[in-house]
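One structure is given below, represented as structure tokens, and several questions about it will come after.
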Amino acid sequence: MPKPLDIDGFECAGHVGESDITNFILLSKARQTLKLPFIASGGFADGHGLAAALCLGTCGINMGTRFMCTQEAPIHDNVKEAIVRAEETDTTLVVRRWKNTTRFYKNKVALEALKVEKESTSGEFEELAPLVNGERFKEVFINGDLEFDVWITGQVMGLIHDIPTCDELVKIIVKEAKIALKEKLSILAPELKL
């Protein structure tokens, strides 16, 4: 099997594209048009998401923000705990004006960047660059100061409620997906004795 193509929906962390198209549409479109296998990124945190992605034609999912909240993730516990506390609305989109839209955790630096972007009269990226250049955001993950700089995370934060091991996470996601698929198939096709 060829290496799968990664399809990133608008829900994802980091660079979200400029079309604001969610995975529900992107994955269906990919299923209709691609001749290659593909996986889905953006908005996945549990077995129900995996089941949905599989039904939409993927061969799997990619989870960035979800794996940030595992015991093995090499980031500060403050970041993990902030993600667990967060809602899906705790992100903001910046750099849209320059067609490089990026989803960040909604902190004071991201909100200041958004303000600078909206109020810019020159239209020059240089006004915004010091706030979003990416040179300092890794420090947030190392030192755990959530307000030190912008940092990327997906809307899926609202679905993350724990910090398991990677092994525990994968096992529960697979178990949930199997249960979800079996339950929903029994509704659609009760004649199939699963």
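The values are calculated or read from the model by the stated rules, or taken from the named source; none is laboratory data. Predicted model only: the values in this text are computed from it and were never measured. With ideal geometry, Cβ positions are generated from the backbone for all residues, glycine too; neighbour counts draw on all protein chains shown.
Are any of the residues in region 99-110 out of contact with any Ser or Thr (no Cβ under 8 Å at 6 or more places or on another chain), surrounded by fewer than 17 Cβ atoms within 10 Å (Cβ to Cβ) and at pLDDT below 95?
Scanning region 99-110, I find at least one residue that is out of contact with any Ser or Thr (no Cβ under 8 Å at 6 or more places or on another chain), surrounded by fewer than 17 Cβ atoms within 10 Å (Cβ to Cβ) and at pLDDT below 95, so the answer is yes.
May I pose another question? Give me a count of the residues in region 9-18 that are touching a Phe, Trp or Tyr at 6+ places or on another chain (Cβ under 9 Å) and part of a loop (DSSP other than H, G, I, E, B).
5
Right, next: Looking at ILE142, is it in a helix (DSSP H, G or I) and either of a type in the set (Asp, Glu) or modelled with pLDDT of 95 or more (or both)?
Considered against the rule, which asks whether it is in a helix (DSSP H, G or I) and either of a type in the set (Asp, Glu) or modelled with pLDDT of 95 or more (or both), ILE142 comes out as yes.
Scan region 120-127 and give yes if some residue there is part of a loop (DSSP other than H, G, I, E, B), surrounded by fewer than 20 Cβ atoms within 10 Å (Cβ to Cβ) and modelled with pLDDT of 95 or more, otherwise no.
no
I've got another one for you. For the condition touching a residue at least 40 places away in the same chain (Cβ under 8 Å) and under 13 Å from the mean Cα position of the chain (by Cα), what is the one hit in GLY47, GLY43?
Just a single option satisfies the conditions, and that option is GLY43.
Pick from region 130-139 the residues that are more than 17 Å from THR92 (Cβ to Cβ) and assigned to a helix (DSSP H, G or I): which of them is farthest from the chain's Cα centre (by Cα)?
PRO130
A follow-up question, please. Please work out if HIS48 is more than 28 Å from GLU139 (Cα to Cα) and surrounded by fewer than 18 Cβ atoms within 10 Å (Cβ to Cβ).
Yes; evaluated as a whole, the condition is true for this residue.
Can you name the number of the only condition in (1) of a type in the set (Val, Ile, Thr); (2) in contact with a strand residue (DSSP E or B) (Cβ under 9 Å, 6 or more places away or on another chain); (3) assigned to a helix (DSSP H, G or I) that VAL109 fails?
(2)
Here is a follow-up. Here are LYS178, LYS182, LYS171, LYS138: which of them is touching a helix residue (DSSP H, G or I) at 6+ places or on another chain (Cβ under 9 Å) and basic (Lys, Arg)?
The conditions single out LYS178.
For region 70-85, check the following and say yes or no: at least one residue is in contact with a helix residue (DSSP H, G or I) (Cβ under 7 Å, 6 or more places away or on another chain), assigned to a helix (DSSP H, G or I) and crowded, with 21+ Cβ neighbours inside 10 Å.
yes
Consider ASP6 against the criteria (1) more than 21 Å from VAL174 (Cα to Cα); (2) in a strand (DSSP E or B); (3) out of contact with any Gly (no Cβ under 8 Å at 6 or more places or on another chain); (4) not aliphatic (A, V, I, L, M): it satisfies all of them except one. Which criterion is unmet?
(1)
Ok, one more. Consider region 145-154. How many of its residues are in contact (Cβ under 8 Å) with a residue 60 or more places away in the chain and either of a type outside the set (Gly, Ala, Ser) or assigned to a helix (DSSP H, G or I) (or both)? It would help to see each step written out before you state the result.
Here is the first cut: in region 145-154, the residues in contact (Cβ under 8 Å) with a residue 60 or more places away in the chain are 145-146, 151-154.
Pick out the ones that are also either of a type outside the set (Gly, Ala, Ser) or assigned to a helix (DSSP H, G or I) (or both) and you get 145-146, 151-153.
Here the count works out to 5.
If you scan region 68-91, which residues turn out to be of a type outside the set (A, V, I, L, M) and either touching a strand residue (DSSP E or B) at 6+ places or on another chain (Cβ under 6 Å) or more than 18 Å from ASN107 (Cα to Cα) (or both)?
Those that are of a type outside the set (A, V, I, L, M) and either touching a strand residue (DSSP E or B) at 6+ places or on another chain (Cβ under 6 Å) or more than 18 Å from ASN107 (Cα to Cα) (or both): CYS69, THR70, GLN71, GLU72, PRO74, THR91.
If you take the residues of region 86-98 that are touching a Ser or Thr at 6+ places or on another chain (Cβ under 9 Å) and in a helix (DSSP H, G or I), which of them is surrounded by the most Cβ atoms within 10 Å (Cβ to Cβ)?
Residue satisfying both the conditions and the ranking: ARG96.
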